[in-house]
Structure formats: C-alpha cells, structure tokens
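Reviewing the structure listed below.
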Amino acid sequence: MQKRLFVSVDLPDEFAEPIADLQTDLEGASGLSFTDPEQAHITMKFLGDVDADRLPALERELEAAVDDADVAPFTVRYGGLGVFPSFEYITVVWMGVEHGGEQLAKLFEAIENRTTVMGFDAENHDFTPHVTLARMEHAGGKDRVQEFVRERDPTIGETRVNEVRLTESTLTDDGPVYSTVASFPLE
C-alpha cells in the first residue's frame, strides 16, 4: 500500500482567516483554484507515492535530517506575494516568508540530502519557502493576479516553528485532506 507524502512546516490555525481574506481579494479571477486556508503549510519536500514499508526508514532519515540541519526553534514571519514559475506564465500564486527563510533553507537542504540518498527525486529548482494560495488552471484571470501581486504586500503574522512534519495527502472530491504521519521536533 502506498501513501502520498510530503514534508511540511504547518501554519497555525489562527492564520486560516487572514489567508482566506487574502484569497477573497482574488475571487472572481478566472482560472484560479484556491487551497484550503485551514491546511496552510510550507512544503519542504514533496515525496509522492511511498510504499508503506519504507515509512520506518523514511522517518529515521527525516529525524536525522532535522538533526543535520542543527536548527533550533525559530520565528517565521509570513508575508509578501509571488507567483511560479514566472509573472507571464502563472501556475501558482503564493505568500512568502519575510523572516525565517535562512532556517527553512537549512532544513530544506538537510531533508533534500537525506531523501535523495533514499532514491527520492531531487528538486529541479531553487527552494523558495512559500504557502500556496491558489493554482492557476488557465490564464483567464492572469491580469487580475498580476495586479494583485504587484499592488499588495501583506504581512499575515509571525509564528514559532518547533517541528517539521511528515504529512499524508489523501485526494478527495473536495480536494486534498492532510494528516500528520510523524513529527520531528527542532532542538
């Protein structure tokens, strides 16, 4: 049996409302599919479908990666906006990180090193810590999204990052549902 997994830093529940408010500003932009603000997170590493029998080894490697990173609990301030892959061709609209990016990058590098040794695909782009707000299915609302990103510079708030999580994504008709498989505390 396989599980669809990723490694994440999750945002606290109280950030759901300000994220939803940001998304409201984009309502009506054609082609956008919004993420669930109650499941907001930074994806540190998407692993894909993983055989359940690999979980114990994966959890050991992720625990070792957190140790390798040598990052103590830290504060992240969420804010700013951006798009992937480019301003002219938008597939993802995101909120960024204004503070705490250096620690997130150290965690990413350690997780990337440990998981690629296990045979997971290496990332083919630079790590940009972000929270996905919406995915763009077609370019109908591109002008509105571009204006939104150019004109808005929100700061959502700060929170402490105390752990990294291995998260399972179960795809449903109502969108993905996330559940924590394991947590790896920062020390």
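No value in this document is a laboratory result; all are computed from the given coordinates. Note that the structure is predicted; figures quoted are calculated from it, not measured. Please note: Cβ atoms are built from the backbone with ideal geometry, for glycine as well, and neighbour counts cover all protein chains shown.
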Rank 43, 91, 24 by mean-square fluctuation in a GNM of the chain with C-alpha springs under 10 angstrom and give only the top-ranked residue.
24
Degrees between helix 142-151 axis and first principal axis of the chain (Cα, 0 to 90, nearest 10):
80
Acute angle (nearest 10 degrees) that the helix 55-69 long axis makes with the longest principal axis of the chain, alpha-carbon atoms
80
Under a 10 Å cutoff between Cα atoms, tell me which one of 49, 126, 70 has the largest fluctuation in the Gaussian network model of the chain.
126
GNM of the chain, Cα pairs under 10 angstrom: of 119, 101, 141, the biggest fluctuation goes to 119
What is the distance in Å between the Cα centres of segment 34-62 and segment 123-187?
13
So what's the back-of-envelope 222 nm ellipticity for the chain, counting only DSSP H runs of four-plus at -39500 (n - 2.57) apiece and dividing by all residues, rounded to 500?
-8500 deg cm²/dmol
Once the mean 1/r over all distinct Cα pairs of segment 1-150 is inverted, what Kirkwood radius in angstroms do you read off?
16.7
Listed by chain and number, the lysines with an alpha carbon less than 26 angstrom from that of residue 45, same-chain partners under 8 positions apart left out, are 3, 106
If I model a spin label as a point 7 Å beyond the Cα along the Cα-Cβ vector, how far apart are those points for residue 57 and residue 113 in nm?
2.0
For the residues 42, 156, what sequence is obtained by ranking on other C-beta atoms within 10 Å, fewest first?
156, 42
Rank these for me by crowding, 116, 167, going from fewest to most other beta carbons within 10 Å.
116, 167
